Amino acid sequence: MDKTYQPQAIEQRIYDRWEKSGYFAPQGEGAPYCIVIPPPNVTGTLHMGHAFQDTIMDTLTRYHRMKGDRTLWQPGTDHAGIATQMVVERLLNAEGKSKHDLGREHFVARVWEWKEESGGLIAQQTRRLGASVDWSRDRFTMDEGLSAAVRKVFVQLYDEGLIYRGKRLVNWDPKLHTALSDLEVLTDDEDGHLWHFRYPLASGDGHLVVATTRPETMLGDSGVAVHPEDDRYRHLVGQEIILPLVGRRIPVIADDYVEPEFGSGCVKMTPAHDFNDYEIGKRHNLAMYNIFTDDAALNDEVPERFRGMERFAARKAIVAELDELGLLEKVEDYVVKIPRGDRSGVVVEPYLTDQWYVKIEPLAKPAIEAVESGRIRFVPENWSKTYFEWMYNIQDWCISRQLWWGHRIPAWYDDEGNIYVGDDESAVREKYQLKSIALRQDDDVLDTWFSSALWPFSTMGWPEKTDELQQFYPGSVLVTGFDIIFFWVARMIMFGLKFMDDVPFREVYIHGLIRDQDGQKMSKSKGNVLDPIDLIDGIDLESLVEKRTRGMMQDHLGPKIEKATRKHFPDGIDQFGTDALRLTFAALATTGRDIRFDLGRIEGYKNFCNKLWNAARYVLMNTESLDTGDVKFSSADRWIKSQLNKVTADMHQHLSAYRLDLALHSVYEFTWHEFCDWYLELSKPILQSDDSSDAEKRGTRQTLIEVLETILRLLHPLMPFVTEEIWQAVAPRASIAGDTIMLRPYPEVTPDAEDAEAVADIEWVKQFILGIRQIRGEMDISPGKALVVILQGASESDLRRAATEENLLRRVGRVESVSTLDAGEEPPAAATALLGDMRLLVPMKGLIDVDAERTRLTKQLDKVKAELERSNNKLGNKNFVNNAPPDVVTQERERIAEFERTIAQLIEQIGKLDELV
RNA sequence: GGGCGAUUAGCUCAGGGGUAGAGCGCCACGUUGACAUCGUGGAGGUCGCAGGUUCGAAACCCGCAUCGCCCA
């Protein structure tokens, strides 16, 4: 074995072997355990969020696989309608072509080409993370089988009246020319204006003032609304307004929706271009004037001089004209909520179009009930509130998109516009008994999330009744970010209940978002994106700068990003390896909060990999001559096995509760600070001393290899590569058969391993050595210098331990000799450490500075005095003594007694020092 | 406007009615036959502020402040 751990030499080789050997496929006869991967965009690349999520899922998967469950982690990718289509359109644009030049069929073919070309990348990157997904079952949302599932669901929902086509106001993206669901629209505060216009009354008696943030929509106004109780305007309700610039007569109506305090208390009504106005318009039968083209330019509905104007140009022109006419009362600065398409970034326009909708309420009801009743549990629990909040206020889901890339809607129209829905054209003809009439398929495709909603069962072969469905539906847990609870989680629950008659998973583990070191969201335009692969393989500064500034949409950000990158990563990024990255994610995977990715921590976990590596080297070096024969276990052997048992219990507890951070913390602490720091050191005296018997040496060698092998299995779900690599060398030594650690059983708790006596003995040894080390450290005595130690006030058990463990004390504590003070014998001038009631004396002769020792003891004394005072105050309080639980009071009394003994000893010892001066 | 979360050591974060924790960073010493990606010792915090409950609050409750997110 190399002296240091070199991840890059190992990881890919190990993964290839795992995959080729078929270890990732479900096996055995255990209880089924299943996670479906949230399918990433097939043409995308791996980002920190994926890496984090994959780490969590892989850890759970490996844990359950080792526990003997029949475990499936179902992989796959998503066609990501809008995102993918946009990328390919951009590629075409770069060639000077548009999708219309190619036509639908060729364009879609081109997207498939792009998918084949780039589709392997994210899968390759996922492999680098060590993800143990069953690649043999890889699925894509536009595979034939999954597409058939989509059609079946659509047809059935349509036949049941749960999908309908309707003309309604939708969020229209004028750049992408498609409708969007509410969820795909992001609303943000932006600086804008509030324009106050005068609308003349038809009667000629003056005007009303209306305020608007969107002057261009006034060309589509079909009314003015006031509050029914507003005395200022009550008498005007029912009268008419002459709409300026247009000349249309429009009514004044009264509606509760109007807030009298806002602006003038009069609101212009544009029912075809505003969601609130639309609702009010319907209540009052107002006309709906659609004034936009699908590019959001003005159409032929408006006066000729405005036609063809782009919406923001039109805004200027309209304000200018009204101003000229003396109808502009004032303009105020105003913060406006601006809705933008999450993909295009352009302002979304409420737009009247024909779209397909899912009638959601009948589906939402059981989905709410499933969470209320606990059939599905959110972890952490409070995310269920977010879920309920949305589900109670859910709106019908607009599922049609005016795109070419996606599942084409299985609906056909005849020349009269009648709708026929079925699996394909011939099925439709048969179903509706249509003979020779012409049919034309709907041009639209379905929202990407429609197929994602079927993922937990479509990947298992639904609608066929497959073995997989039988075994792996419902899944065990869904692991995802809170940002897609609405997009995806809720919809899977609704469709799962509808089509499988059962929930799609029993638990939903919601993790936080990965942010940068300053808590900022990682984004290309901020230039703060970290690529998980760069953390694994490392990257030099110049490449990192180049990567972060390449292909910027806004060129002016480049220099800023470059500067920040050079500042944060002056030496680029080191190579940390996959295991270190995974450990970092696990450590940060605390519930209910976002994660600032901290480079400092990944370095620490790389060191942990190295620590484990070197511990293994030590164990292997010392177990070459494992033979059979009598075995005797030392107290150190029994102690470490007892401690190991506790960590094992911790791991089961924390991993079952999705607390990867606590699990890691526990096993890290044990491995480094108990196994390496203490046990390996305590094993050396036994193995290297001629005084130990062969049986004792055998006991320690056996324990070394046994505990190490168990640690590897405990750690494997968290850090699969290094544990496998080491295990390959360790297993034969431990006489363990098996080709891979990943299919070995996860360690179980064995109550027999607990050994309170050994734990107490070794705890005593540790305290002894720590006391000596403290003297050494604070007295500046070189670590190499062996010290003479005299015991004063030793009890019988102290004497027993000093005798049995003398070898450990000498070698690990670097103690030259341990002797006891005879009764009545005067102790020499010495530095002191306390071990219970016993004093450890290190004679000073030329070694120790009296003043320094006095300072050191005084410092200890002050500390204990402070503690004593606090405890005395407590016990002096009658209320405490009367009300606190008896064991707490007893414990406090014991502490006081101990403090007092310690103080007495320290004072005595300080007195001794003073005599010397 | 409604809701959720956060505020603990210089930094990143655990914890949680009775003794304040980790990693990194910092200081000092050290090449001891696993590991300098290391070892040993040490410094460092009135747990955001103000009330309340309690014998006892960093923790529970109420309010406030700051930051972040979600929904309107």
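The values are calculated or read from the model by the stated rules, or taken from the named source; none is laboratory data. None of the values given here were measured: they were computed from a predicted structure. Glycine also receives a Cβ, built like all others from the backbone with ideal geometry; neighbour counts cover every protein chain displayed.
Here residue A:578 meets each of (1) within 11 Å of RNA strand B (Cβ to nearest atom); (2) in contact with an Asp or Glu (Cβ under 7 Å, 6 or more places away or on another chain) with one exception, condition (1).
Restricting attention to segment A:171-194, the residues that are more than 14 Å from RNA strand B (Cβ to nearest atom), touching a strand residue (DSSP E or B) at 6+ places or on another chain (Cβ under 6 Å) and at pLDDT below 85 total 5. Whether a residue is under 30 Å from residue A:381 (Cα atoms) and touching a strand residue (DSSP E or B) at 6+ places or on another chain (Cβ under 8 Å) was assessed, and residue A:583 does not pass this test.
State whether one or more residues within segment A:493-503 are part of a strand (DSSP E or B), among the small types (Gly, Ala, Ser) and more than 14 Å from RNA strand B (Cβ to nearest atom). Scanning segment A:493-503, I find no residue that is part of a strand (DSSP E or B), among the small types (Gly, Ala, Ser) and more than 14 Å from RNA strand B (Cβ to nearest atom), so the answer is no.
Filtering A:772, A:790 for residues that are crowded, with 19+ Cβ neighbours inside 10 Å and in contact with a helix residue (DSSP H, G or I) (Cβ under 8 Å, 6 or more places away or on another chain) leaves a single hit, A:772. Among the candidates A:375, A:315, single out the residue that is in contact (Cβ under 8 Å) with a residue 12 or more places away in the chain, part of a helix (DSSP H, G or I) and among the basic types (Lys, Arg). None of the other options fit; the residue is A:315. A residue that is within 10 Å of residue A:225 (Cα to Cα), in contact (Cβ under 8 Å) with a residue 12 or more places away in the chain and surrounded by 17 or more Cβ atoms within 10 Å (Cβ to Cβ) can be found somewhere in segment A:272-280. If you check residue A:680 against the conditions, is it assigned to a helix (DSSP H, G or I), within 16 Å of RNA strand B (Cβ to nearest atom) and modelled with pLDDT under 95? Judged against the criteria, residue A:680 is not a match. In summary, strands (runs of 3 or more DSSP E) completely within segment A:132-225 and bearing 1 or more residues that are on the phi < 0 side of the Ramachandran plot, surrounded by 15 or more Cβ atoms within 10 Å (Cβ to Cβ) and hydroxyl-bearing (Ser, Thr, Tyr) occur at A:178-180, A:185-200, A:207-212.
Being of a type outside the set (D, E, K, R), part of a helix (DSSP H, G or I), touching a strand residue (DSSP E or B) at 6+ places or on another chain (Cβ under 7 Å) and farther than 30 Å from residue A:748 by Cα holds for only one residue in A:83, A:9, A:109, and it is A:83. Looking across segment A:602-651, just one residue is surrounded by fewer than 17 Cβ atoms within 10 Å (Cβ to Cβ), away from RNA strand B (no atom under 16 Å from the Cβ) and small (Gly, Ala, Ser), and that is A:629.
Only one of the listed residues (A:691, A:752) is away from RNA strand B (no atom under 14 Å from the Cβ), surrounded by fewer than 20 Cβ atoms within 10 Å (Cβ to Cβ) and closer than 18 Å to residue A:810 by Cα. That residue is A:691. Condition first: assigned to a helix (DSSP H, G or I) and under 32 Å from the mean Cα position of the chain (by Cα). Can you find one or more residues in segment A:94-105 that meet it? There is no residue in segment A:94-105 that is assigned to a helix (DSSP H, G or I) and under 32 Å from the mean Cα position of the chain (by Cα). Taking the criterion of being more than 16 Å from RNA strand B (Cβ to nearest atom) and either more than 30 Å from residue A:89 (Cβ to Cβ) or within 21 Å of the chain's Cα centre (by Cα) (or both), the residues of segment A:373-409 that qualify are A:373, A:374, A:375, A:376, A:377.
Listed by position, the strands (runs of 3 or more DSSP E) inside segment A:739-846 whose residues that are at pLDDT 90 or above and over 50 Å from the mean Cα position of the chain (by Cα) number at least 2 are A:787-792, A:815-820, A:838-843. Considered as a group, the residues in segment A:587-601 that are basic (Lys, Arg) and surrounded by 14 or more Cβ atoms within 10 Å (Cβ to Cβ) include one that is nearest to RNA strand B (Cβ to nearest atom), and that residue is A:596.
Of all the residues in segment A:102-112, those that are surrounded by fewer than 17 Cβ atoms within 10 Å (Cβ to Cβ) and touching a helix residue (DSSP H, G or I) at 6+ places or on another chain (Cβ under 8 Å) number 1. Pairs are defined by a Cβ separation below 6 Å, a sequence spacing of at least 6 or placement on different chains, a first member in segment A:32-48 that is farther than 15 Å from residue A:58 by Cα, and a second member that is at pLDDT 90 or above and of a type in the set (Asp, Glu); the pairs so defined are A:41/A:78.
Residue by residue, here is whether (1) modelled with pLDDT under 85; (2) of a type in the set (Val, Ile, Thr) holds:
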{"site": "A:496", "(1), (2)": "no, no"}
{"site": "A:499", "(1), (2)": "no, no"}
{"site": "A:514", "(1), (2)": "no, yes"}
{"site": "A:530", "(1), (2)": "no, no"}
{"site": "A:541", "(1), (2)": "no, no"}
{"site": "A:562", "(1), (2)": "no, no"}
{"site": "A:567", "(1), (2)": "yes, no"}
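Of the listed requirements (1) touching a strand residue (DSSP E or B) at 6+ places or on another chain (Cβ under 6 Å); (2) within 16 Å of residue A:152 (Cα to Cα); (3) modelled with pLDDT under 90, residue A:412 misses just one: (3). Answer yes or no as to whether residue A:54 is surrounded by fewer than 18 Cβ atoms within 10 Å (Cβ to Cβ), among the charged types (D, E, K, R) and more than 26 Å from residue A:341 (Cα to Cα). In short, no.
Residues that are of a type in the set (Ser, Thr, Tyr), in contact with a helix residue (DSSP H, G or I) (Cβ under 8 Å, 6 or more places away or on another chain) and more than 30 Å from residue A:90 (Cα to Cα) within segment A:43-73 comprise A:55, A:59, A:63, A:71, listed in sequence order. Of the residues that sit in segment A:865-877 and are assigned to a helix (DSSP H, G or I) and near RNA strand B (Cβ under 8 Å from one of its atoms), which one is nearest to residue A:910 (Cα to Cα)? Once the filter is applied, the top-ranked residue is A:867. For segment A:113-131, filtered to residues that are surrounded by 15 or more Cβ atoms within 10 Å (Cβ to Cβ) and hydrophobic (A, V, I, L, M, F, W, C), the residue that is nearest to residue A:11 (Cα to Cα) is A:129. If the condition is being within 16 Å of RNA strand B (Cβ to nearest atom) and either among the aromatic types (Phe, Trp, Tyr) or free of Cβ contacts under 8 Å to residues at least 40 places away in the same chain (or both), then segment A:842-864 contributes A:855, A:859, A:862, A:863.
So which of A:364, A:370 is at pLDDT 90 or above and either within 16 Å of RNA strand B (Cβ to nearest atom) or of a type in the set (D, E, K, R) (or both)? Spell out how you get there, then give the answer.
Values: A:370 fails: either within 16 Å of RNA strand B (Cβ to nearest atom) or of a type in the set (D, E, K, R) (or both).
Every option except A:364 fails the conditions.
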